[in-house]
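The values are calculated or read from the model by the stated rules, or taken from the named source; none is laboratory data. Bear in mind that the values here come from a model prediction, so they are computed numbers and not experimental data. Note: ideal-geometry Cβ built from the backbone for every residue, glycine included; neighbour counts use all protein chains shown. Just the protein is used for accessible areas: all its heavy atoms, side chains included, with ligands, DNA and RNA removed. Shrake-Rupley method; radii C 1.70, N 1.55, O 1.52, S 1.80 Å.
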Amino acid sequence: QVQLVESGGGLVQAGRSLRLSCAASGRTFSSYSMGWFRQAPGKEREFVAGINWNARNKYYSDSVKDRFTISRDNTKNAVYLQMNSLKPEDTAVYYCVGDPGLVSSDSARYMYWGQGTQVTVSS
């Protein structure tokens, strides 16, 4: 069993940065693929970024590529999402996800989900 807890969300002006953190419990974390999804009001949940167990492979949606960076620290059971050059359209609830399988942009492929953290970007 893995529990995920996100932190680091908040209100920020467009063009600024935020760093989201996800703390994971469970001894199997280091073998899991991890990722971030987001959901804006009235919109479907969408894939943001994913990282495989040893951080050699990272994946991003086109909308955040070159602005966001996903990373992990298996010694701390943590995953991070560094968000730079934030835009109002990045406003959403951000969810940390984890799964024993491969990284996927399909939300149904992830077994574990955090409770979400709100990110609001003002113009």
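Exactly one condition in (1) in contact with a Cys (Cβ under 6 Å, 6 or more places away or on another chain); (2) without any contact (Cβ under 8 Å) to a residue 24 or more places away in the chain is false for Arg56; which is it?
So Arg56 meets the others, but not (1).
Would you mind finding the one in Asp90, Asp99 that is more than 14 Å from Leu18 (Cα to Cα) and over 12 Å from the mean Cα position of the chain (by Cα)?
Asp99
Mind checking which pairs have a first residue in segment 100-123 that is in contact (Cβ under 8 Å) with a residue 24 or more places away in the chain and a second that is part of a helix (DSSP H, G or I) and of a type in the set (D, E, K, R), Cβ under 7 Å, 6 or more apart or different chains?
Every condition considered, the pairs that remain are Gly101/Arg109; Val119/Asp90; Val121/Asp90.
Does Arg72 satisfy the condition of being under 16 Å from Val2 (Cα atoms), open to solvent by less than 70 Å² (accessible area, probe 1.4 Å), under 14 Å from the mean Cα position of the chain (by Cα) and basic (Lys, Arg)?
When the stated conditions are applied, Arg72 passes them.
Give the residue that is farthest from Asn54 (Cα to Cα), with candidates limited to residues of segment 78-108 that are part of a loop (DSSP other than H, G, I, E, B) and open to solvent by 40 Å² or more (accessible area, probe 1.4 Å).
Looking at residues that are part of a loop (DSSP other than H, G, I, E, B) and open to solvent by 40 Å² or more (accessible area, probe 1.4 Å), I get Lys87.
What residue, among those in segment 35-56 that are in a loop (DSSP other than H, G, I, E, B) and more than 25 Å from Gln1 (Cβ to Cβ), is least open to solvent (accessible area, probe 1.4 Å)?
Restricting to residues being in a loop (DSSP other than H, G, I, E, B) and more than 25 Å from Gln1 (Cβ to Cβ), the top hit is Ala40.
Residue pairs, Cβ under 7 Å, 6 or more apart or interchain, first in segment 30-49 and farther than 12 Å from Tyr95 by Cβ, second of a type in the set (Phe, Trp, Tyr) and not in a helix (DSSP H, G or I). List them.
Within 7 Å, the pairs are Ser30/Trp53; Ser31/Trp53; Tyr32/Trp53; Ser33/Trp53.
Considering only residues that are polar (S, T, N, Q) and at pLDDT below 95, look in segment 4-34 and name the one that is surrounded by the most Cβ atoms within 10 Å (Cβ to Cβ).
The residue in question is Ser30.
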